[in-house]
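The values are calculated or read from the model by the stated rules, or taken from the named source; none is laboratory data. What you see is a predicted model; the values in this text were computed from it and never measured. Note that each Cβ is placed from the backbone with ideal geometry, even for glycine, and that neighbours are counted across all protein chains shown. To get the accessible areas, we keep the full protein, side chains included, count just its heavy atoms, and leave off ligands, DNA and RNA. Shrake-Rupley method; radii C 1.70, N 1.55, O 1.52, S 1.80 Å.
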Amino acid sequence: MGKGRASPVTTPTTPEASAGFGYATGLSCRECGQVYELGPLYACAECFGPLEVCYDYPQLTRAAIEAGPPNMWRYAALLPVPPDIASRPTLQPGWTPLVRADNLANALGMRRLWIKDDRANPTHSFKDRVVAVALAAATELGFKVLACPSTGNLANAVAAAAARAGIRSVVLVPADLEAGKIITTSVYGGTFVTVDGTYDDVNRLASELAGEHEDWAFVNVNVRPYYAEGSKTLGFEIAEQLGWRLPDQVVVPIASGAQLVKVDKGFSELTSLGLVPETPWRVFGAQASGCAPVSAAFAAGYDVVRPVRPDTIAKSLAIGNPADGPYALDVVRRTGGSIADVSDDEIVDSMRLLASSEGIFGETAGGVTLGVLRKLLAEGQLDPEAETVIINSGDGLKTLDAITAVVDVPAAIRPTVEAFQNAVS
């Protein structure tokens, strides 16, 4: 497909799945509404606004979705992917547990709390979802290399997905990432580059490289509209796992802001398709205080987000110039939610609370989300009586450095009962 401006797209009266993008019909500008043909486009030629995928969905039933595979491809009809995606060589992410967190709810004084635990994805973060959709688009559009700038989890997901698909990967990350994320990217092979700079520096470099390498699909640059749609499956799964209903409240970590925006979009699409009852929901956003540009904008009542230089242990959320920040603000304000941030100490304390209360060892981003939940409860902004879902987006084993200094590792004892009794007393 060409990379220039396309004619406005018309949708058929009876939806029919296309070969490569399912029921997707085009790309529409989120600012001015201009519509383009499906292709490797991510910015509007008229106003430079971001593009997103638009669809002409078929009539779907709960039974049809439930009959699908036990991964995110059960929602293939709601994504810009080919109808046979489930049979292609992907990591088959999704359908991660929704854990009823009664112990944690009791500790916090809440009536009903759930944790959407995306540690269970193949590379142990939600990024496997978005990469799977980006890979499908890249394949359809004829790209030969899967690439990305990353704060760590995306690097893991891109390198692994490319290895599974049998194509080359190129991954760029800040050099000061957690060692676990660097090692678990290197192990998959491909081209891996560490950069002396912040994520925003890395992202600028990736944008320049995308312009020079026309056969490279940078998942969060030139195929970003498709990539971002993968986060909708978090919303789809939450609703289905709750028995085809929406939670009253959901707390979502904010890095670029796309996950929060797409969870809300997923809820909206299920409602419009009649798959869940039409009920209100509130969306809350969570950031680390060391990188909280969206939280600051929300508190100040701004519609724009001022970039910051990140300084936080929550490196997976350390995006100082979040592309979807303004849209996250729109979602939170429209639904009656709010956005807050917590300190590094609060992040670590919440990581420990999540692990000790529910046996879930989340990464620093999970500590941010739970920390903000606790803060919003204390401030009276979040209803303790309302059914609430929080998202744990990654595995604590990737961010061991954050808690190493605050956990007690016992000294070794002699293998005797007397030594054991002395140790535990």
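For the chain, modelled as a Gaussian network with Cα springs under 10 Å, which listed residue fluctuates most, Arg374, Arg334, Arg224?
Judging by the Gaussian network model, the answer is Arg334.
Can you compute the FRET efficiency between Glu37 and Ala86 using 1/(1 + (r/R0)^6), with r the Cβ-Cβ distance and R0 = 30 Å? Round to the nearest 0.05. Could you put the intermediate results ahead of the total?
On the way: r = 26 Å, r/R0 = 0.86.
About 0.70, to the nearest 0.05.
How long is the gain from Thr61 to Val187 if the chain were fully straight, where each residue apart is worth 0.36 nm and the alpha carbon distance is subtracted? Write down the numbers at each step before the final one.
Numbers: separation 126, 0.36 × 126 = 45.36 nm, distance 4.11 nm.
Length difference between fully extended and current span is 41.2 nm.
Can you give me the solvent accessible area of Ile254 with a 1.4 Å probe, rounded to the nearest 10 Å²?
0 Å²
Using only the alpha-carbon atoms, how far is helix 232-241 inclined from the longest principal axis of the chain? Give it as 0 to 90 degrees, nearest 10.
The answer is roughly 60 degrees.
Mind ordering 27-33, 215-221 by average Cβ neighbours within 10 Å, highest first? Before the final figure, lay out each step's value.
On the way: 27-33: 17.1, 215-221: 23.9.
Result, highest mean Cβ count within 10 Å first: 215-221, 27-33.
Compare the Cα positions of Ile360, Thr25, Pro415 along the charge dipole of the chain (+1 at Cβ of Lys, Arg; -1 at Cβ of Asp, Glu; about the Cα centre) and return the one farthest towards the positive end.
Comparing the listed Cα positions along the dipole, Thr25 ranks first.
Please compute the modelled spin-label separation between Ile413 and Ala175, points set 7 Å along Cα→Cβ, answer in nm with one decimal.
Distance between label points: 4.6 nm.
Which of the peptides 102-109, 56-63, 326-333, 418-425 is most tightly packed, and how do the rest follow, judged by the mean count of other Cβ atoms within 10 Å per residue? Please list the in-between numbers first.
On the way: 102-109: 15.5, 56-63: 13.1, 326-333: 21.2, 418-425: 9.9.
Per-residue mean Cβ counts within 10 Å order the peptides as 326-333, 102-109, 56-63, 418-425.
Provide, as a two-decimal number, the C-alpha radius of gyration of the chain over 2.2 N^0.38 Å, N being how many residues it has. Write out the running numbers ahead of the final one.
Numbers: Rg = 21.3 Å, N = 425, 2.2 N^0.38 = 21.9 Å.
The chain yields a ratio of 0.97.
Could I have the simple spin-label model distance between Asp345 and Asp201, label points 7 Å from Cα toward Cβ, reported in nm to one decimal?
3.0 nm
Please compute one quarter of the surface area of the Cα convex hull for region 63-165 and express it in square nanometres. Don't skip to the end; give the middle numbers.
Values: hull surface 32.9 nm².
Orientation-averaged projected area of the Cα hull: 8.2 nm².
Taking the Cα atoms only, what angle lies between the long axis of helix 199-212 and the longest principal axis of the chain, rounded to 10 degrees?
The angle comes out near 30 degrees.
Carbon and sulfur atoms: what percent of the 1.4 Å accessible area of region 290-425 do they account for?
Numbers: 3420 of 6450 Å².
Carbon-and-sulfur percentage of accessible area, whole number: 53.
Using alpha carbons only, how many angstrom separate the centre of region 45-83 from the centre of region 275-326?
With region 45-83 and region 275-326 each reduced to a Cα centre, they are spaced 25 Å.
Rounded to the nearest 10 Å², what accessible area does Trp95 have for a 1.4 Å probe in the complete protein model?
Near enough 80 Å² of accessible area.
At 1.4 Å probe radius, can you tell me the per residue accessible area of region 136-191 in Å²?
33 Å²
Using only the Cα atoms of region 284-386, build the gyration tensor, take square roots of its eigenvalues as a ≥ b ≥ c, and label the shape rounded, prolate or oblate: rounded if a/c is under 1.5, else prolate if a/b is larger than b/c, else oblate. Walk me through the numbers on the way to the answer.
Details: a/c = 2.23, a/b = 1.27, b/c = 1.75.
Oblate.
Out of the DSSP beta bridges found with both residues in the chain, what percent are antiparallel (nearest 5)?
Working: 15 of 45 bridges.
The answer is about 35 percent antiparallel.
May I ask you to give the solvent-accessible area per residue for region 290-367, in square angstrom, as obtained with a 1.4 angstrom probe?
Result: 40 Å² of accessible area for each residue.
Cα centroids of region 154-196 and region 246-267: how far apart, whole angstrom?
26 Å
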